[in-house]
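Trainee: One structure, as C-alpha cells, below. Some questions next.
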Amino acid sequence: MFSPFDIPSGAFTLITDELSAPADFLLHGAVNACLKEQATKARVPGLRAKPESGAGPMVLVLSSLVDLAKWKAVASKQNVNLTQHITNGTVKFVDVASTEGSEMVLSEAFNSVSEIIRSSSSEISERLVILDDVSTLEWIGFSPLDIMRFVRALRIACHKANWTFIVRYHVVTPNEVDEQLQQLLGICTYHLDVRPLYSGRSGAVSGEIALHLGAAARQDEVKLIKRSGSLQYRLLDTGPVYFQKGTSEGVL
Amino acid sequence: MSSFKRKDPSKQSNLKSYEGTRVSPASSSTINTSTGISSLDDILGGGLPLSCSLVIAAPDLHSSYGELVQKYWVAEGLACGHRVCVIDDYAEDFLRDLMWYPKSALSVASGATSGGIKEKEGPLGSTFEDEEDEPTPTDRKVKIAWRYEQMKPFQTTVSTPSLTSENYCHVFDLTSRVPTPVVNEKLVSGKLSLLAPGNPNRTGGATMSALRQVEQVLQEQSTVPIRICIPSLGSPATWGDITPSNVLQFLHSLRGLLRKYPHGCASITLAPHLSSDNWSGSGWLQKVGWVTDASLTLAAFSADPALSATFPSHHGIVHITALPSPSTLVAPSDRFSTLRGLASSASGFGGSGENNLAFKCTRKRLIFETLHLDLDGGVSERRTSAPSSTAVELTTATGTSISASAAAKSHDHSQGTCNGHVSSGGPRIDIEFEGPAVPEEKKAVVAGELIAPSPQPETRPKKPKKKVAFFSDRPDVYDF
C-alpha cells in the first residue's frame, strides 16, 4: 500500500499538508491502488474471483465535502472506474459534516461507520478508511473534543478489524503545532508530511514529502524519510512523479 | 467492413453546453465562465469553472478593488445572458455603478457591422488607444541583434480579445455605466435578482438565511448558468456580527451547494477587515483557501507609500492562495496560465518559479500583470557609485505579506543593514541605518558625497528631483 512508501496495511497514518502543497494525490493514490490491487487479485486464479456482495466496502471515504465528480475524474485518469465500484458497493463515500438540525455532533456518523466496519467480512485483507479533513470539521464548528473522540474511536474500530486508517490534517500555521495536531501526532503510527518548497511554487517540483514515525509505531519496520532528505514530487494529471531531493531523475 | 466506428462528436461529451461559457482546456468535463477580466481569467486557468467558488480578499480599507472585480463579474454575467444573483443589502447602489461596453462599441454595434473592432496593440499589450502613460512607438522597425529577432515583444499581460468575437469575456469600459433600462429589463425578466441576507442581529443568522436563498435560486432551473455574487461578505451593515466560524461554515456549505447544483458558480469578496491574515488568529486566509476553490488576495498599495513608490505603475500586488481544480489533480492554471509563467518553465529547463503578479486600474479597465523589478537604480540613471544591495524582496505564494519597510526586512538580508531604493528621480541612494530615522537633509549630503567624487567642488551636489509624495521617514504627524 502506498508506494513508494512501504507503510504496512492496518496502520494509522496521519497525512498533514498545506494549501500550497495539498495531499489530494496521496488520498486518490491510496484509494486507486487499493482498488487496483483487489482487481489484480481477482484476476489471479486460485484466489476468490470477486468479493461477495455483502462483504462490505473495501474503501470507505469519510469526508466533510463529498466531491464525487473530482474523485471519478481523477480515478479515470489512473484507469480506475470509480462509478462501477460505487455501484458495486466496493467504495463508499460518507459525508460526516451534514448535520441534522442544528446539532453538530459526530456520534451518528461514527455509529454508521462502525456498523459498516463491524459487519464487513474479514476475507478481504486490504481495507481502507480515509477521514478527509479533520481540520475542516473543526473550522466549520464541530468541537475539537468531539473530533478527537471520533478519531480515537474510529482508530480503535479499524485496529480491531485490521483496516488501514488514514487521516488528513491541514496545517495553516507552518511553524506552529496546534493542539489538535499534537494530539493526532500522539496517536498515529506514521506521519506523512507534505510540504511545499520553501522558495515557493516551481514548475518542476510541486512539493516534498517526509515520512516520520508516530508515537504508536514500532521501530525499524519501515524505511523512514527524514525532512532533510525528503522525497520530492511533481504532480501530473496521472499522479505524482517522485524523485530524490536534489536529483532530477525523470523530471527535468 | 471496417470494425472501426467513427465517434459521434455530439454523443461524446455528456455535458450541456451553456451560452457564454467555454470548455476548459485541461479537462472536457469542466466548463469555465469568464470573470469579465481577461487577465484574471488567465490566472484562473481559462476562467472560473462552474461549480466552483472564488474568494477575493482585499485587505486595504481605503480602496475597493475587490468590489470592482465583483462588478466585472456581474457585468459579464449580464452580458453573457447568465442568471445573476447579488447578495447584499445595498445591491441597487452596487448595480448602478456597474461598468458596461465602451461607447464606441455601442455606436458601432448599432450600425450593425459584422466585424469586430480590432484595437491597436501597444507594445506592452495594452489595447486601448488613449491609454495614458503608455509609450507609443514612433518607429517600430528597431534594429536589434539578429538572435533576438524571433522573440516576441515583452508583454506583461494577456491581450484582450476583440470586441465582438465570442460571447466570452466581453470588453468593458470603466468610464461607461450600464444603462438603467438594461438593468431594469434584466430585473423584470428574472435574469438578475437582488437578495438581502436579512437577520443581521442574530449572530450567524445572516449566513444561514443567505444559504437558504442561494439554494432556492440554484434549485429553480438549470438551463442557464447561475452566477452568485457577494460584493462584501462580512460587512457589518449587511451581515452583522460575523464570527470566523460563521464565515468558514458559510463558504464550506456554499461550496457543497455548488457541487450539488453544478450549473452555478460564486464569486465573493471579503470585507477589508476580514481579509487580513490574522483576523482570527494566524492562518485565516489559508483556512479560507481550503474551504473554497479559488482564493486571491489583492493587496493594494494605498496604505504603504514605500511600495507605491517602488512600483509606480501598479496599484497593488496579487497573492494567489488557491486555484480551482474541480476535476484534475493539477490546477489547469498551472498548465495554461501565461501570466503565472509556470507552464513555459516546466518542460525541461529546471523549472523556474512563477511570476509575481500585480494589478493596476487604469482609467478604462482593471488589468492584472506580471510584476518585474526595474533595473537597480532605475533605467534612466547612470551609475556612478557602487550599486546598492538587493532591492525590495518579494515573496510569492507562501502567503507572507510584502512589506518594503526596510527595518523589518533588512534583518533578513545577509548583507546587513543596507537596503537599496529604486527611485525615478535624480541620482539618490537611500541608506537606512538600524538606529533612529536619519533626517532627509543628512541623507542627501551623504548621497552627494558619494556621487560626486570628481573635481569641481564648487558645484553643489545635484538636488534630488522634487518628488511629490509622502515620505515615510519624515517625522510622522501622528507620532505623539
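The values are calculated or read from the model by the stated rules, or taken from the named source; none is laboratory data. On a predicted model such as this, the values are computed, not experimentally measured, just so you know. Backbone-built Cβ (ideal geometry, glycine too); neighbour counts: all protein chains shown. Note: areas computed on protein heavy atoms with side chains; ligands, DNA, RNA excluded. Shrake-Rupley method; radii C 1.70, N 1.55, O 1.52, S 1.80 Å.
Trainee: Return only the number of the condition from (1) over 20 Å from the mean Cα position of the chain (by Cα); (2) modelled with pLDDT of 90 or more; (3) of a type outside the set (Lys, Arg) that B:His273 does not satisfy.
Mentor: (1)
Trainee: If you don't mind, there's one more thing I want to ask. State the number of residues belonging to the stretch A:1-34 that are open to solvent by 10 Å² or more (accessible area, probe 1.4 Å) and either among the hydroxyl-bearing types (Ser, Thr, Tyr) or assigned to a strand (DSSP E or B) (or both).
Mentor: The qualifying residues number 4.
Residues checked against (1) open to solvent by 10 Å² or more (accessible area, probe 1.4 Å); (2) assigned to a helix (DSSP H, G or I):
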site: B:Pro25; (1), (2): yes, no
site: B:Gly36; (1), (2): no, no
site: B:Ile43; (1), (2): no, yes
site: B:Leu61; (1), (2): yes, no
site: B:Gly66; (1), (2): no, yes
site: B:Val69; (1), (2): no, yes
site: B:Gly77; (1), (2): no, yes
site: B:Val84; (1), (2): no, no
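Trainee: I need the full set of residues from the stretch B:230-254 which are hydrophobic (A, V, I, L, M, F, W, C), buried (at least 22 other Cβ atoms within 10 Å of the Cβ) and away from chain A (no Cβ under 14 Å), in order please.
Mentor: Matches in the stretch B:230-254: B:Ile230, B:Leu233, B:Trp239.
Trainee: What about B:Asp334, is it modelled with pLDDT under 90, surrounded by 21 or more Cβ atoms within 10 Å (Cβ to Cβ) and over 16 Å from the mean Cα position of the chain (by Cα)?
Mentor: yes
Trainee: Within the stretch B:287-296, identify whether any single residue is open to solvent by 10 Å² or more (accessible area, probe 1.4 Å), in the same structural domain as B:Pro25 (by TED's automatic domain parsing), polar (S, T, N, Q) and under 22 Å from A:Val172 (Cβ atoms), and answer yes or no.
Mentor: No, there is no match, as no residue in the stretch B:287-296 is open to solvent by 10 Å² or more (accessible area, probe 1.4 Å), in the same structural domain as B:Pro25 (by TED's automatic domain parsing), polar (S, T, N, Q) and under 22 Å from A:Val172 (Cβ atoms).
Residues are listed down the side, and each one gets a yes or a no for (1) of a type in the set (A, V, I, L, M, F, W, C); (2) modelled with pLDDT of 70 or more:
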| position | (1), (2) |
| --- | --- |
| B:Leu342 | yes, yes |
| B:Ser345 | no, no |
| B:Gly350 | no, no |
| B:Leu357 | yes, yes |
| B:Glu369 | no, yes |
| B:His372 | no, yes |
| B:Asp376 | no, no |
| B:Glu381 | no, no |
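Trainee: Here's another thing I want to ask about it. Which of the residues that make up the stretch A:177-207 are within 14 Å of chain B (Cβ to nearest Cβ) and either touching a Phe, Trp or Tyr at 6+ places or on another chain (Cβ under 9 Å) or more than 30 Å from B:Arg340 (Cα to Cα) (or both)?
Mentor: Scanning the stretch A:177-207 gives A:Val177, A:Asp178, A:Glu179, A:Gln180, A:Leu181, A:Val194, A:Gly203, A:Ala204, A:Val205, A:Ser206, A:Gly207.
Trainee: While we're here: Considering only residues that are among the aliphatic types (A, V, I, L, M) and either more than 24 Å from B:Ser253 (Cα to Cα) or not assigned by TED's automatic domain parsing to the domain that holds B:Glu369 (or both), which ones fall in the stretch B:32-71?
Mentor: B:Ile37, B:Leu40, B:Ile43, B:Leu61, B:Leu68
Trainee: Then there is this: Filter the stretch B:274-291 down to residues that are in contact with a Ser or Thr (Cβ under 8 Å, 6 or more places away or on another chain) and more than 11 Å from chain A (Cβ to nearest Cβ), then give me how many there are.
Mentor: 1
Trainee: Quick one: which of B:Lys260, B:Lys191 is open to solvent by 40 Å² or more (accessible area, probe 1.4 Å) and within 14 Å of chain A (Cβ to nearest Cβ)?
Mentor: B:Lys260
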